[in-house]
Amino acid sequence: MTKADIQLVRALADKRGRTEHGLFVAEGEKLIGELRASHLSVRRIFSLEGVFNGPEVETVAPRDMERLSLLKTPSNSLALVEIPRCDLKPERLRGRLTLALDDVQNPGNLGTIIRLADWFGIGDVVCSEATADCFNPKVVQATMGAILRVRVHYCDLEAYLAAERAAGTPIYGTFLEGDDIYRTQLSPTGIVLMGNEGRGVTPACAAQVTRKLFIPPSPAERHATESLNVAMATGIVCAEFRRQASAGR
């Protein structure tokens, strides 16, 4: 392992570095094992002795792994993986349930939402350009491998939603003034829009929503916390969409 290796890994902690090199960092034996078996290209692996074998693997000492790792607690392996190209083709998403994220900026929240999408069989997440980078090391770790199976797209979200609304796609969003999600008939397909951690959905994107939803506290008259974490709210909404779709079969 050289200084250049360490500098490269450090550079990949930043989006600019990931864009320049076309690589992202993944850590941990389980995740890297999944990456090696996936369609993604693993360029290099640094690991402790006996963890991995192969031409792309370089065995390093525990002290060197501590210097390489971007985690608070270093893992036993770190991989440099080529960032896949993921083109957004809206017409291919119609007839499915899709998540849309409006400036979700916390890496942990984004990673959890990608993991939720994978759990509920949602293959695509469409993000505003200000949403956190899905190949941020913290996001990658939080997805627990779901980043391999969920396609994440970045675009002008307002324009995307406007075009989909014009095409007749149902667009749902969560709002305090929305309809009780548990008393609302949900379509099995469409777009579910989730907003920023502090500001919620931007006015421009909110204007494209065709049905506003609300997750009520229980009991309804009880004074509860002001709002839910966006990842938690996403899980509740996705579960209700899937529950209704299953009940309707």
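The values are calculated or read from the model by the stated rules, or taken from the named source; none is laboratory data. The structure presented is a predicted model; accordingly, all values stated were derived computationally and were not measured. Glycine also receives a Cβ, built like all others from the backbone with ideal geometry; neighbour counts cover every protein chain displayed. What goes into the accessible areas is simple: the full protein's heavy atoms, side chains included, and nothing from ligands, DNA or RNA. Shrake-Rupley method; radii C 1.70, N 1.55, O 1.52, S 1.80 Å.
Observations on the model:
- In sequence order, the range 141-157 has phi-based couplings of 5, 5, 6, 6, x, 5, 4, 6, 10, 10, 8, 10, 10, 10, 6, 6, 5 Hz under the Karplus curve 6.51 cos²θ - 1.76 cosθ + 1.60, θ = phi - 60°, and Gly or Pro positions carry x.
- Placing a pseudo-label 7 Å from each Cα along the Cα-to-Cβ vector at R92 and D156 gives an inter-label distance of 2.2 nm.
- Relative to the longest principal axis of the Cα atoms of the chain, the long axis of helix 107-119 makes an angle of roughly 70 degrees.
- Label positions at T2 and L71, each projected 7 Å from the Cα along the C-beta direction, are separated by 2.7 nm.
- Length gained on full extension, R63 to R199: 44.7 nm, using 0.36 nm per residue less the C-alpha separation.
- Build a GNM of the chain with springs between Cα atoms under 10 Å apart, and of A231, A162, A37 the one that fluctuates most is A37.
- Helix 230-247 vs. the chain, principal-axis angle (Cα, 0 to 90°, nearest 10): 60 degrees
- Accessible carbon and sulfur surface of the range 126-249 relative to its total accessible area, %, 1.4 Å: 52 percent
- Rg/Rh (Cα only; Kirkwood hydrodynamic radius) as it applies to the range 77-140: 0.97
- Residue among F24, F175, F135 with the largest mean-square fluctuation in a Gaussian network model of the chain, springs linking Cα atoms under 10 Å: F175
- Rounded to the nearest 10 Å², the accessible area of T2 at probe 1.4 Å: 70 Å²
- On full extension, the segment bounded by H21 and E129 gains 36.9 nm, given 0.36 nm per residue less the C-alpha separation.
- Look at (1) 19.4; (2) 18.7; (3) 19.9: the one that is Kirkwood radius over Cα pairs in Å derived from this structure is (1).
- Here the alpha carbons of the range 109-166 define both size measures, Rg and Dmax, at 11.8, 37 Å.
- Across the cross-link table entries K138/K212; K30/K212; K3/K72; K89/K212; K72/K212, which are compared at the Cα atoms, the separations over 28 Å belong to K138/K212; K30/K212; K72/K212.
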